[in-house]
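Below: the structure, in structure tokens.
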Amino acid sequence: MKELIKKMKNATNSSNMKKWIFFDLDGTLVDVKKAQYSAIEDLYQIYKFNKKTDLEAFTKKWDDLTNYHYAFYTRKEITYEEQRNRRIIDLFKEYDMSLDKTPKEIYAIYLKSFENNWCLFDDVYDVLEKLHKNGHRLGIISNGDLGQQTDKLSRTGILNFFDIITTSSEYVYSKPSPELYELVLKRFNIDKNEMVMIGDQVDKDILPCLSIGIDAIWINRKNKNSIDGVKEINNLNELIDKK
């Protein structure tokens, strides 16, 4: 880790090289699960799903439906709005409940609560501020809709730290395709030796980068078992050179 930090610092100080630090967004900078669970509970109460199931089971069902339908979106098989609508339709079908509004209108109830609960992990703001002041150029590479992800950065107060914000909605590929990262490098004229990727999902953020020669660091916030060949940190503060 110290060797990587030294490499990053030297790259920034070099007049011939600019060092880029790219971050994933959800689960890396924004505690999106916390926001999701607050919004799920609101939907649970508003539509009285408590008459059908308990909150824990309801939350798991929503997570399962989200993962299932979002995978179709990341494979470019359906639109962003379609995966939202399908989640609502299948959720109400699961509990044999009728829709009193369109799926889009019901999802909007969830979405409003979700957006109001967006928040950063505690280590994010200060670390981004220090990296920015130290001359690093910062970027976002995220799956999802560009508009929503940009809105997250704005609402959480970190938008201005980033020189590049790009998401899979702009490309024919999504994470975990290595081709997504290659297209980002080509589009913004960045050499793979000039950047490091930070993310919370090894399969989507780390391994695809390593497979094409990009440095990558796993932010292992949940203290999962280490993985051979994968650099990891448990807190973003570890990115800051303490010397």
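Here, each number is a calculation from the coordinates, and none is a lab measurement. Owing to the predicted nature of the structure, the values given are computational and were not obtained by experimental measurement. Glycine also receives a Cβ, built like all others from the backbone with ideal geometry; neighbour counts cover every protein chain displayed.
What to note about this one:
- Pairs beyond 20 Å (Cα-Cα), from K34/K76; K34/K222; K33/K112: K34/K76
- Taking each residue as 0.36 nm, the span from K192 to N117 lengthens on full extension beyond its C-alpha to C-alpha distance by 23.5 nm.
- For the chain, share of DSSP beta bridges that run antiparallel, in % to the nearest 5: 5
- Nearest-0.05 FRET efficiency for K33 and D96, computed from C-beta distance (R0 30 Å): 0.60
- Alpha-carbon gyration tensor eigenvalues x 5, square-rooted, for the range 142-232, Å: 21, 17, 12
- 0 to 90° range, to nearest 10: angle between helix 178-187 axis and the chain longest Cα axis: 60
- Taking every DSSP helix (H) stretch of at least 4 residues in the chain, weighting each as -39,500 (n - 2.57) and dividing the sum by the residue count yields a mean residue ellipticity at 222 nm of -14500 deg cm²/dmol.
- FRET efficiency, 1/(1 + (r/R0)^6) with R0 45 Å, evaluated for K224 and E82 via beta carbons: 0.90
- Distance (nanometres) between label positions extended 7 Å along Cα→Cβ at N67 and A108: 3.1
- Separation of the K52 and K133 label points, Cα + 7 Å toward Cβ, nm: 5.1
- Förster-model FRET efficiency, 35 Å R0, K60 and I164, C-beta, rounded to 0.05: 0.45
- Relative contact order for the chain, counting Cα pairs under 8 Å that sit 6 or more residues apart, in percent: 24
- Placed amide H near W20: partners under 5 Å, 5+ positions off or other chain: M195, V196
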